[in-house]
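Following: one structure in structure tokens, then a few remarks.
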Amino acid sequence: MLPCNRGSGGSAAPAPKCTYEKADPQPPAENLAWDGKTPKDGAIYRVWCEGGRVGVTFVPTGAAGPAAPTIDPELVARRAVDSMRLVGPAVASPRAAGRYVVGMPMWMWATRSTSSYGPATAKATAGGVTVTATAHVSTIRWDMGDGTTVTCHGPGTPYSADRGKSTSPDCGHRYERSAADQPDGRYKGTATATWTVTWTAPALGDGGEFTETRQTAFTAAVGEVQVLN
């Protein structure tokens, strides 16, 4: 690796510290990062700077690295994700109009769609490089509003009457006390989806993964069963 700390004089802020790692194997000759150069002139390096991953660039033989990398494929991938217009989970249960009972199993689930669960795919281009990104929800974290959280590795299973009082096989909760002391007699919760994004930049022989989150609010009216003597 080649460490590179390039500051600037005067009152200007110093450039971030960068580390250059030679790509092994080197990209093919048609890779855009070569920009007309050949292995006789230098090599292609992956670049990391303070603040996170940056990209790839050509480094001439004997040089410590340029002041800045030429291409940032991960940022291009994030542009592709922006175009997907991803949203939080489409919460189907708990229902705002529903009434739930203390101690009874609650089934939570979200309705699947491209924008609320995935998979969603989009492309973005910058500097002659096209990046393809694919996003899907890997987990949904349910903050139930009563101080507990439930993490589900899927959208959850819809409840049906034939399930009776059984618990959800993959995404459920039991409220242990009523929401009588809560505003409007409802627990206020959130469902937070973690989107896993994988991206590829074939022209650079590069790719990676990152996550983003989206959130949806929900309420649950929870009461106790009234017993008549």
Notebook entry, point to check: Carbon-plus-sulfur fraction of the accessible area of the range 182-229, 1.4 Å probe, in percent?
Noted result: 50 percent
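Using the beta-carbon distance between residue 83 and residue 21 and R0 = 22 Å, what value does 1/(1 + (r/R0)^6) give for FRET efficiency, to the nearest 0.05? Present the calculation step by step, with values, prior to reporting the outcome.
Working: r = 30 Å, r/R0 = 1.37.
Between residue 83 and residue 21 the formula returns 0.15.
What FRET efficiency do you get for residue 95 and residue 139 if R0 is 22 Å and r is their Cβ-Cβ distance, rounded to the nearest 0.05?
Numbers: r = 22 Å, r/R0 = 1.00.
Computed FRET efficiency for residue 95 and residue 139 comes out at 0.50.
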Check: Mind listing the phi-derived Karplus ³J(HN,Hα) values for the range 77-82, rounded to whole Hz, using 6.51, -1.76 and 1.60 with θ = phi - 60°, and x for any glycine or proline?
Finding: 4, 5, 5, 4, 5, 4
Notebook entry, point to check: Taking a 1.4 Å probe, which of 115, 83, 93 shows the most accessible area, and what order do the others take after it?
Noted result: 83, 115, 93
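Taking the Cα centre as origin and putting +1 on Lys and Arg beta-carbons and -1 on Asp and Glu beta-carbons, what dipole magnitude results for the range 68-119, to the nearest 20 debye?
So the dipole magnitude of the range 68-119 works out to roughly 320 debye.
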Notebook entry, point to check: Could you give the nm distance between label points at residue 113 and residue 188, where each point is 7 Å from its Cα heading toward the beta carbon?
Noted result: 2.4 nm
Next item on the list: Quick one: check the C-alpha center-to-center distance for the range 183-229 versus the range 126-148, whole angstrom.
Entry: 10 Å
Checklist line | Placed amide H near residue 93: partners under 5 Å, 5+ positions off or other chain | finding: 109
Check: Mind listing the phi-derived Karplus ³J(HN,Hα) values for the range 104-112, rounded to whole Hz, using 6.51, -1.76 and 1.60 with θ = phi - 60°, and x for any glycine or proline?
Finding: 8, x, 9, 9, 10, 7, 10, 7, 7
Checklist line | Computed lengthening from residue 38 to residue 214, 0.36 nm per intervening residue step minus Cα-Cα distance | finding: 59.0 nm
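Kindly give the semi-axes, whole Å and largest first, of the ellipsoid equivalent to the range 145-220, taking each as the square root of 5 times a Cα gyration tensor eigenvalue. List each step's numbers first, then the result.
Values: eigenvalues 259, 63, 16 Å².
Equivalent ellipsoid of the range 145-220: 36, 18, 9 Å, largest first.
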Check: Round to a whole number: what % of the accessible area of the range 114-169 belongs to carbon and sulfur, probe 1.4 Å?
Finding: 50 percent
Item checked: In Å², nearest 10: area of residue 197 left accessible to a 1.4 Å probe -> 0 Å²
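Quick check for you: with a 1.4 Å probe and neighbouring chains kept, what is the accessible area per residue of the range 59-180, in Å²?
Working: 6180 Å² over 122 residues.
So the range 59-180 comes to 51 Å² accessible per residue, rounded to a whole number.
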Note to self: Suppose accessible area is computed on protein heavy atoms with a 1.4 Å probe; arrange 141, 99, 78 from highest to lowest.
What the structure shows: 99, 141, 78
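The values are calculated or read from the model by the stated rules, or taken from the named source; none is laboratory data. The model shown is predicted, which means the values in this text are computed figures rather than measured ones. All Cβ positions, even for glycine, are placed from backbone atoms using ideal geometry, and neighbour counts span all protein chains on display. Keep in mind that these areas ignore ligands, DNA and RNA; they rest on the heavy atoms of the full protein, side chains included. Shrake-Rupley method; radii C 1.70, N 1.55, O 1.52, S 1.80 Å.
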